[in-house]
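Read through the structure below, which is laid out as structure tokens, and then see the notes.
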Amino acid sequence: MRSGQLKSAVSHESQSPKRELPEDEKPHLLRFGLFDLNIQTRELRKAGLRVRLQDQPFRVLAVLLERPGELISRDELKRRLWGEAEFGDFDQAINVAVKKLRRTLGDDADNPRFIETLPRRGYRFIAPVKSAQNGTPSLSPVVDEARAIPALPAAKRLSRRYILLPLAGLLVLIVIAAVMVNRPRPHSFGVTSVGEFRLVPLTGALGFEVQPQFSPDGKEIAYAWVSQKGDLPDIYVKLVKDGTPVRLIPAQERVGHILPAWSPDGRYIACVRFERIPDPKPEPNESLAEQIKKRMATHPAAAVYMAPAIGGEEKKLFAVGELSDLRWSPDGKWFLTAERSAPGEPFVLYRVSVDGSGRRPLTSPPLNYNGDTLPAFSPDGKLIAFSRNYTSGASDVFVMSARGGVPRRLTHDGEHIGGIAFSQNGHDVIFSSARGGGERRALWRVPVGGTIPRQLPFGGDDAESPTVPPAGNYLAYVKSTYSDKIWAYDIPAPGEPAAPGRIAIASRQLQAAPQFSPDGRRVAFASSRSGSWEIWVASPDGSNAVQLTNFGNRQTGSPHWSPDGKQLAFDARPEKHSDIYVIDAQGGTPRRITNSGRNDAVVPNWSHDGRWIYYASNAGGHWDLWKTLADGSQSPVQVTKNGGFAPFESSDGRTLYYAKWNESGLFSMPANGGPETLVTGELLRSLWRYWSLSDKGIYLLRPGRKANSTDIVPMLSFFNFETQKMVDLRSLEGGPKPGPGMTVSPDGKLLLISQPDEGGSEIMLVENFR
């Protein structure tokens, strides 16, 4: 980039550019991520809205943007900001200016998206920068692993999502995701100090240790633990200072317990008990997928139980439906639950008497929301803080009276919330969030009266489920560890053995949603390796990776190539709701195709001729397929009426194939309209993008069994259009995860699939917290 225009904006002394550029060539309009900087007017805008930036932070930013990707020394910053001045604490002034600049950009020094610190040397602007005058992007292949790939964040939070699954279909986890539990993972060894705080690993067993809750005196902690693959979770209690975890309730076959909640006097612990229903007897010639679908359709019997905190027999209090949270009120008279009446309905907060005799809703989330979850009581029991969750996956923190009423919003980020607690004095709300962009959650603190949240100096290592005791200067949180990679599996010819799978695309962060280009030479995928979920393109072996987008948020994904391979359609959520965007395959400025407002548009795909883009939208109250012209010049047209998700149009343009959001199976209909047909019921619910269309049939992932074994494994199969039969091609070595995850090369020889590589969680204790 040329520097003449920029230098004049940041130096007290006049600079002499090497060549005076015509006015229309001067790069005074610069764009990075959602930000636009006008050097001439000294204006910074985010998504079109003006952002206040003080003089020195502005000049630091302008200097960094002169040479993006290059080191700008502290000495150069001093010279450019203060000229030849000899007196003053310039180092401290630079530190303050950079800190203010990072705060304005929502950047993190430990996991930077924009400004990287090179200790004792200077700073480097690491995000792609382009001139808004001509839209020319600066795209750099990933050549510096240490710079481009920060530390590991969490994927779909299985530590929390696992707890919802037993009540909404336990076998989804057991059949396709339990492979994660027994894999090794790094733990936090030893005690570390962060300023006045001491961080102590409180637990550290293999598996998932989640949902910590302090006893009222702050001396014990209860939590749920899933110890081994295939096991059900149970409640354990441990002394904070010492001791071995003790199971609260004696082990019972096919019974699990989750969501511990202490009574105010500390004598009892309530929890949710559920029973795994015995497998139904299979019908003659019934496929394994059909057997599993039957099991998924039978919800486990669940109820709230209570047991002595010292351990012993449990007592049933009342039955519940699909429940995600349980809290015991500080006065001991009632429970606070988050429940929903049916799949697809929003979660609602309920006030339930201890014996279950009285029950009334406290909140009324909109129908097209996922609803209200993660409630927490203030210490005096007068307030409730909770997370309101949008369908797009975004969330915000709200607070309301425990008696009910209109909730008041505390945050406006639209970032996913991973847990909520009140401070001991009740003045602040502590919450887990990836606010400001990125995938890694941190802990934040905001006054109940409302203001800008501030990040706590610990818990930046992907923290969720914070909890604070009524007594004792502690805070505990769950630290999660995940890594998702894209694996490659050769598809063998009939009669040939299957070679082992291999890692194709990986980083220390997350990868998902791979899609082959039409010529098979490139793969588009979503990754959080840059610190936020963005669209990337690479060779099928993972080399030559290039970042295409820079939205700086958690919800960008589902890329699909245009038929000519020149463009990519994808979904992104710059704010709270998702829309469809298109970008050139070589990079450039993304172009928004839909305007969904308070609804969401997700998982796009192209028509065979590239004129239309299909996508799923909840504009009608549930997920259906819509389509719009690829140039966005026409209002969207609804395509399905009975549900639809993850569309594929046939190469001749005659047939539209699709899955459904909350229903097993693959379906088809004429592309110009007509009745719906079930193609196959073998695709399980929540695996809506684990299939790939070809001219001769459909590749899909379904449950299978190893040869001479009863073990259930993921099986790549092929449904032949001509014979109408399903043929197994090969088994896989790891399970998939719900969401978008596989693609088959155009020649049918290679499968790329997103798989969880390792995972687990442990509970961290923070001492000296007030």
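The values are calculated or read from the model by the stated rules, or taken from the named source; none is laboratory data. Just so it is clear, the model here is predicted, and its values are computed rather than measured. When we count neighbours, we look across all protein chains shown, and the Cβ atoms used for this are built from the backbone with ideal geometry, even at glycine. For accessibility, only protein heavy atoms count, side chains too; no ligands or nucleic acids. Shrake-Rupley method; radii C 1.70, N 1.55, O 1.52, S 1.80 Å.
Residues that are open to solvent by less than 20 Å² (accessible area, probe 1.4 Å) and in a loop (DSSP other than H, G, I, E, B) were ranked within segment 683-700; the one that is farthest from G748 (Cα to Cα) is L684.
Look at (1) of a type in the set (D, E, K, R); (2) modelled with pLDDT of 90 or more; (3) open to solvent by 30 Å² or more (accessible area, probe 1.4 Å) and you find that D242 fails only one, number (2). When you go through (1) within 20 Å of the chain's Cα centre (by Cα); (2) more than 18 Å from A646 (Cα to Cα); (3) modelled with pLDDT under 95 one by one for N544, which number turns out not to apply? Among (1) within 20 Å of the chain's Cα centre (by Cα); (2) more than 18 Å from A646 (Cα to Cα); (3) modelled with pLDDT under 95, the lone unmet condition for N544 is (1). Among the residues of segment 468-486, just one is surrounded by fewer than 23 Cβ atoms within 10 Å (Cβ to Cβ), in contact with a Pro (Cβ under 7 Å, 6 or more places away or on another chain) and assigned to a strand (DSSP E or B), namely T481. Checking each residue in segment 518-544 for being touching a residue at least 60 places away in the same chain (Cβ under 8 Å) and surrounded by fewer than 21 Cβ atoms within 10 Å (Cβ to Cβ) picks out P518, D519, G520, R522, P540, N544. For segment 703-732, a residue qualifies if it is outside any strand (DSSP E or B), closer than 20 Å to P494 by Cα and out of contact with any Phe, Trp or Tyr (no Cβ under 8 Å at 6 or more places or on another chain), and the qualifying residues are K706, A707, N708, F721, E722, T723, Q724. State yes or no: is S731 surrounded by fewer than 23 Cβ atoms within 10 Å (Cβ to Cβ), touching a residue at least 12 places away in the same chain (Cβ under 8 Å) and of a type in the set (S, T, Y)? Yes: the conditions hold for S731. Taking each residue of segment 350-368 that is closer than 28 Å to G620 by Cβ and assigned by the TED database to the domain that holds D600 and looking for partners that are open to solvent by 100 Å² or more (accessible area, probe 1.4 Å) and outside any strand (DSSP E or B) with beta-carbon atoms closer than 6 Å, six or more apart or interchain, yields nothing.
Checked against the criterion of being of a type in the set (V, I, T), modelled with pLDDT of 85 or more and either surrounded by 15 or more Cβ atoms within 10 Å (Cβ to Cβ) or not assigned by the TED database to the domain that holds V237 (or both), segment 296-313 has at least one qualifying residue.
Taking every residue in segment 232-249 that is touching a residue at least 12 places away in the same chain (Cβ under 8 Å) and in the same structural domain as F214 (by the TED database) and pairing it with any residue that is of a type in the set (D, E) and not in a strand (DSSP E or B), at least 6 positions away or on another chain, the pairs with Cβ-Cβ distances below 6 Å are I249/E314.
Counting the residues of segment 390-416 that are modelled with pLDDT under 90 and on the phi < 0 side of the Ramachandran plot gives 9. Among the residues of segment 59-77, those identified as within 32 Å of the chain's Cα centre (by Cα) and of a type outside the set (A, V, I, L, M) are P68, G69, E70. Does S530 meet the test of being part of a loop (DSSP other than H, G, I, E, B), under 28 Å from G735 (Cβ atoms) and of a type in the set (G, A, S)? Here the answer is yes, as S530 does meet what is asked.
In the set G653, G620, only one residue is in a loop (DSSP other than H, G, I, E, B), surrounded by fewer than 20 Cβ atoms within 10 Å (Cβ to Cβ) and on the phi > 0 side of the Ramachandran plot; that residue is G653. Of everything in segment 330-374 that is outside any strand (DSSP E or B) and of a type in the set (S, T, Y), the residue that is farthest from the chain's Cα centre (by Cα) is S357.
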